[in-house]
Structures are given as C-alpha cells and as structure tokens.
Amino acid sequence: KCIRFEVDPAFLLAVARHEAGEYLLGSPLQQLSNCPINIKATADGFAPWVNHPTNPMKGAYAAFQSPQLGWDASVLQVKNAHGWLGRTTVRQIIPHHIAAVDVSLAETYVAKVLERMSDMRKL
C-alpha cells in the first residue's frame, strides 16, 4: 500500500527563511551545506557532512553538492522523518525538527513559520 504525503512548498520556504533570516540560503550553515532546512547528519544517514560554521558544539549537518540536491533532500527529510510518523502539521513537525536545546523556542518557531506561510499564500 502506498501512502501519499505531500510537502507544502510554503512550509519548506518558511522553515528555510526562518533558519536563514531574511534571505533563502542566507545563513552560514545553509551556504556551507547547500541545504535550506539544516538536516542533522547521522552515522547511517547523509554523507558528506559539515560542522556548524559558527558553533561547532551544534554538531554536524548533511551537505549537498548543489542547492537543488539540498532542496530535494529537505522534501525527503520532511516526508521520511515526519510524514510516515503521522506528523503532518506545522505544530507536529517543528518540535521534532528543531534541536533539543531549542525546544523551549518551539512555539515561537511555529508561530513564525505559520505567519510566513500565510504571507506567501497572500501573494
């Protein structure tokens, strides 16, 4: 049985913009990794990887040869890490997406992503 789970482009853009600030792929980590949503590297997952450029204590992140491959991996990450576990809303996904040390900021993150998604839909 095939389960279909679509990723809202507005969600990915809102998360990427939240993590980058004003410009897409504008954060040092996004530029280094070519990945808009900052996917954590795992031993059995993505290779190659890069260390966080401004705070090495945050760990390693998946790196891609091009921004296009980074966007593709971001869609797959949301589908695989969240969709198959039944997380389909912003409020369900964000607390699991952000780093454990940032969980206290989850509600602010959720609100900002929802606001940016709403703004994009008005265009």
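The values are calculated or read from the model by the stated rules, or taken from the named source; none is laboratory data. For clarity, every value in this text was computed on a predicted model and none was experimentally measured. All Cβ positions, even for glycine, are placed from backbone atoms using ideal geometry, and neighbour counts span all protein chains on display. Side chains are part of the model used for accessible areas, which takes the heavy atoms of the whole protein and leaves out ligands, DNA and RNA. Shrake-Rupley method; radii C 1.70, N 1.55, O 1.52, S 1.80 Å.
If you filter region 1-24 down to residues that are modelled with pLDDT of 80 or more and among the small types (Gly, Ala, Ser), you find that the one that is nearest to the chain's Cα centre (by Cα) is 16. Selection of region 61-92 for residues being part of a helix (DSSP H, G or I), without any contact (Cβ under 8 Å) to a residue 60 or more places away in the chain and open to solvent by less than 40 Å² (accessible area, probe 1.4 Å) yields 70, 73, 81.
Within the option set 51, 80, 55, being more than 21 Å from residue 9 (Cα to Cα) and at pLDDT 80 or above holds for one residue only, 51. Candidates are the residues of region 102-112 that are free of Cβ contacts under 8 Å to residues at least 24 places away in the same chain and within 23 Å of residue 32 (Cβ to Cβ); the one that is most open to solvent (accessible area, probe 1.4 Å) is 105. Report yes if some residue within region 25-33 is at pLDDT below 80 and either in contact with a helix residue (DSSP H, G or I) (Cβ under 8 Å, 6 or more places away or on another chain) or surrounded by 14 or more Cβ atoms within 10 Å (Cβ to Cβ) (or both); otherwise report no. Taking every residue of region 25-33 in turn, at least one turns out to be at pLDDT below 80 and either in contact with a helix residue (DSSP H, G or I) (Cβ under 8 Å, 6 or more places away or on another chain) or surrounded by 14 or more Cβ atoms within 10 Å (Cβ to Cβ) (or both).
Listed conditions (1) open to solvent by 50 Å² or more (accessible area, probe 1.4 Å); (2) modelled with pLDDT under 80; (3) not in a helix (DSSP H, G or I) are all met by residue 45, apart from (1).
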